[in-house]
Each structure stands twice: as structure tokens, then as C-alpha cells.
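Enquirer: The following block contains the structure, expressed as C-alpha cells.
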Amino acid sequence: MVRASSLTQTHGTLIVLVIVPVRPPPSVTLRVMVLEPPVANVKVITLLLPMMAPLGRVHWKDTIPTSSVELLASNVQLWLVLQAAVNLATNWAYLGPLTNVSLVQTNLNSPIPDGNSNGVTRFFTFTNVNFRVEQVTLTLTAPHVYWGDLAVTLTSPGGVQSRLAELHYPVDTYYCYDAWAFSSVRHWGEKANGVWSVKVADLYAGYTGNLLALDLTLYGTTPTAALTVAKTNQSIRLNLQAAAPAWTYAIEYSTNLNAWSSLTNLIIPTTGRTNLLDANALLQNRRFYRARLLP
């Protein structure tokens, strides 16, 4: 296995640190290619780490032309598009501080229908409009004689499902879902606002249980959108920045701050920055702009 642990560009030179295991097969090569935009030189450091030796052997290859670098490495041929990876990393949108919102339901004491896939469904309504989800945890308390009969499904307002538990056996009957914490990242990037649902269903007849409590916690950030305006000749360039990849903002304009009209919709890319050129701004006396987050 080959691990490229560092990709760094300094003063037009791309420095690559490659760590490889001992005794690499001599018949297989690692090919490192640098694509557009071209880099003047590539410096490659190969660090061999013998498993039995206390110290590794460091091999330094001087600056060599780009196009390709072939090294004896491992049992696979690995292609690394180095420049693209560096550009993506340096232009990635930074997220805001991690925070969380939660809703709790206790003292439910709801019988879970035995051998019935309809189960029991509880709903959680979050009103956090500008909250971007990264991770979700659900803490479940549902005493059941045979807890392996239970299937637990979390559904977001957007319809994305997390199957947190499935019918399974055998299980240890000395414990059950008592303040049991599930976790999911399937809802990464979704909006928290709306109705979330949790369904607990008993999929195998014979034993029964009750749903007592649910604690649903959403972890994520609250992105702040920044819209700036710059004049370019007879046009207006609108620059939108928000650490919310895939979210959509409506760009609207007004002449009096009372009535607003739609100009277009912009989807935030992974860089967190996008822009729009309004060629008719000065001709139509457009003076005010705003970015409005769409549901």
C-alpha cells in the first residue's frame, strides 16, 4: 500500500513525499503525473520503512523534469493527479464552528406493535432555517424482550433515510436499547429545518416492547452568506460566498428596498464561492441586491 502523506507546492516546485513498505516488488511501478497547470519541477522524496530495522532508509532524488516520475513502490500502479488535488485543497470552503440542536421526547410509553412493519413513528420539528447538518445522533430507550426484533429508521425533511438498526439475531437478552446512541452521516449537507421522523418497528412476532424515549441531536454549522458588489464597465459583478456546498441562494434585486424581483439562482460549489454578472444593472437602475436561502 502506498501513502502519499504530503503534497506541497513551493515557488513553482511540487514536493512529493511518498512512504512505501519494505521489499516492494521490483516489477511494479508507481507513476506520478503532474497535469495542468504545468509545474516547473518535481522533487520526490521516497522514504523506505523496513519493518525490522529501527531506522528507515531515506532516498532523495534531485529535481527532475515533470511529465512523469516512476518509482518502485508497491503491488499496485497508483496514479496521483497532484496539481488537481493541491488546487482543490487550497480552494476548499472552510466550515464555521461546530454546534448542535436537539429535541427530546420522554415518558412516551408507546407499545411497539409485535411483528408489524408499520411500527411506531414519532416526529421532530426543527425550526433552525440556516442550520447545515453534518452528523445526526439518536438516543433510543425502548425496552424489549428480544431487542434484535427492532428496526429503527430516521428520515429527514428531504426524504433521506438512515437505517440505524435492522432485524438481527441472535442477541444478548441481558441488555436492550436503554439510552442507546445511534449515529449517522447520511444527512451531511442537508438543512435541519423541517419535520424529522423516527420509526421503531418490531419485525418478528413473538416478543414485545415499548418505546419510552427519543433524543434527536443534529450536529453542524450555521453558514453565513456574504454578497458583495463590484462595478465592471457597464455591468455589475455579484460575488456570493457561503460555506454551504450544494445549497441554493436566490439572487434578487430592488430599486426601493420594498419590492424584490428574482435575478437568478446560484448553487454554492465546493469552493464556497460563486459569482454572477448582471449586464443590465445600470440600464435598469438596479440599486440593491440580496441573497436569499432557498428551502
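Enquirer: Which whole-number percentage describes the relative contact order of the stretch 99-221, with Cα contacts under 8 Å and a sequence gap of 6 or more?
Expert: 50
Enquirer: Under 11 Å from the Cβ of VAL120, count the other residues' Cβ atoms, weight Lys and Arg +1, Asp and Glu -1, and hand me the total.
Expert: Net of charged neighbours comes to +1.
Enquirer: Something else: Pairs of Cα atoms under 8 Å, at least six residues apart: use those to get the relative contact order of the stretch 183-295, whole percent.
Expert: 24
Enquirer: Turning to a different aspect of this structure: Shape verdict for the stretch 226-293, please, from the Cα gyration tensor: rounded (a/c under 1.5), prolate (a/b greater than b/c) or oblate.
Expert: Since a/c reaches 1.5 but b/c is at least a/b, the shape of the stretch 226-293 is classed as oblate.
Enquirer: What does the charge add up to near LEU98, with Lys and Arg as +1, Asp and Glu as -1, over the other residues with Cβ less than 15 Å from its Cβ?
Expert: Local net charge: 0.
Enquirer: Further, regarding this structure: Evaluate the distance, in nm, between pseudo-label points positioned 7 Å from the Cα of ARG286 and of THR173 along their respective Cα→Cβ axes.
Expert: If labels sit at ARG286 and THR173, their model points lie 7.0 nm apart.
Enquirer: Below 12 angstrom from the Cβ of ALA205, what's the summed charge of the other residues (Lys, Arg +1; Asp, Glu -1)?
Expert: -3
Enquirer: Sorting check: for 126-133, 261-268, 225-232, 144-151, which peptide has the highest mean count of neighbouring beta carbons within 10 Å, and how do the rest follow?
Expert: Ranked by mean Cβ neighbours within 10 Å, highest first: 144-151, 126-133, 261-268, 225-232.
Throughout, read-outs are computed from the coordinates displayed, never taken from laboratory work. Because the structure is a prediction, the values reported are computed rather than measured. Note: ideal-geometry Cβ built from the backbone for every residue, glycine included; neighbour counts use all protein chains shown.
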